[in-house]
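A quick write-up on the structure given underneath.
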Amino acid sequence: WNAGAIVNLMWHACPPTQGDVCNWDGGLLSSMSDDDWNDLITDGGYLNGVWKSRMDDISQYLQYLEDRGVEVLWRPLHEQNQGAFWWGGRTGEDGTQRLFQLTHDYMTDDKGLSNLIWVWDVQDLGTSYGGYHPGEEYFDLMALDIYGDAYSNRAYYDELLVQAGDRPVAIGECFDLPPESALADQPLYTFFMNWAYGLEVDWDGNPTISIDFIQQVYANPRVLTLDEMPGWG
């Protein structure tokens with residue numbers, strides 16, 4: 001932040017039916033029963049209290065940043081249309097969107113955090129984002145995680161703009177860097193966040209893209225790098 005960078009944080013929180021620390025498989029990638037889910041989103045429920053305690057813990061670190069003037073792109077409960085995560089894939093007013101809403105309200109109203117730029121995030125699994133829309137008052141920016149064909153299939157981008165309304169849009173995370181053709185055809189993305197270990201190899205360690213391609217992406221006039229950031233007043 002002091003060097004002029006944008007701070008972008010996501011939160012892979014373990015399910016409240018498990019401990020604070022959990023595995024990826026069977027932890028983050030797991031499911032909750034409908035009864036447990038209803039307990040989670042009901043004020044005064046046992047799992048609701050566990051979730052609030054988790055937010056109490058993480059809020060300490062976010063408050064630390066606020067006290068030092070650091071604004072944060074905050075992306076909890078990401079890929080809300082991805083049913084593989086314990087929080088995802090539940091449409092409707094009592095589904096995934098409700099957990100995002102109560103998370104927003106607790107961290108904003110109860111914890112008093114005012115340095116969070118709330119990112120509502122989906123994945124390019126389909127374009128039915130509307131069933132997860134939390135309401136305009138609950139997000140500042142909408143992001144699409146790209147692991148499929150969204151660079152070449154503009155339908156995901158077009159629906160992103162519809163659901164975002166007048167909010168900015170972004171590529172929340174990606175394994176492959178956006179090629180020049182995607183940056184030109186889908187010009188309103190405000191940032192992309194790439195998994196560094198995916199720059200040159202695929203999931204199995206096989207080479208994918210070249211150093212030349214990586215350099216071309218970051219040299220694209222549409223892409224700002226840290227040396228081009230003006231800093232924060």
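Checking the stretch 92-103 against the condition returns no match, with no residue being among the basic types (Lys, Arg), surrounded by fewer than 21 Cβ atoms within 10 Å (Cβ to Cβ) and closer than 24 Å to Val217 by Cα. When the stretch 41-74 is filtered for residues that are charged (D, E, K, R) and surrounded by 13 or more Cβ atoms within 10 Å (Cβ to Cβ), the ones remaining, listed by number, are Lys52, Arg54, Asp56, Glu66, Glu71.
Rundown of residues vs (1) touching a residue at least 40 places away in the same chain (Cβ under 8 Å); (2) buried (at least 16 other Cβ atoms within 10 Å of the Cβ), yes/no style:
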| position | (1), (2) |
| --- | --- |
| Thr108 | no, no |
| Lys111 | yes, yes |
| Val122 | yes, yes |
| Leu125 | yes, yes |
| Ser128 | yes, no |
| Tyr132 | yes, yes |
| Gly135 | no, no |
| Leu141 | yes, yes |
| Leu144 | no, yes |
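Here's the yes/no breakdown for (1) in contact with a helix residue (DSSP H, G or I) (Cβ under 6 Å, 6 or more places away or on another chain); (2) within 30 Å of Ala3 (Cα to Cα); (3) surrounded by 14 or more Cβ atoms within 10 Å (Cβ to Cβ):
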residue: Asp158; (1), (2), (3): no, no, no
residue: Gln163; (1), (2), (3): no, no, yes
residue: Asp166; (1), (2), (3): no, yes, no
residue: Asn206; (1), (2), (3): no, no, no
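Among the residues of the stretch 16-40, those that are under 22 Å from Leu116 (Cβ atoms) and either touching a Gly at 6+ places or on another chain (Cβ under 9 Å) or open to solvent by 30 Å² or more (accessible area, probe 1.4 Å) (or both) comprise Pro16, Asp20. Every listed requirement among (1) touching a residue at least 12 places away in the same chain (Cβ under 8 Å); (2) closer than 21 Å to Gly172 by Cα is met by Arg54 save one, (2).
The values are calculated or read from the model by the stated rules, or taken from the named source; none is laboratory data. All values reported here derive from a predicted model rather than from experimental measurement. Positions of Cβ are generated from backbone atoms using ideal geometry, with glycine treated the same way; all protein chains shown enter the neighbour counts. Quick note on the areas: whole protein, heavy atoms, side chains included, nothing else; ligands and nucleic acids left out. Shrake-Rupley method; radii C 1.70, N 1.55, O 1.52, S 1.80 Å.
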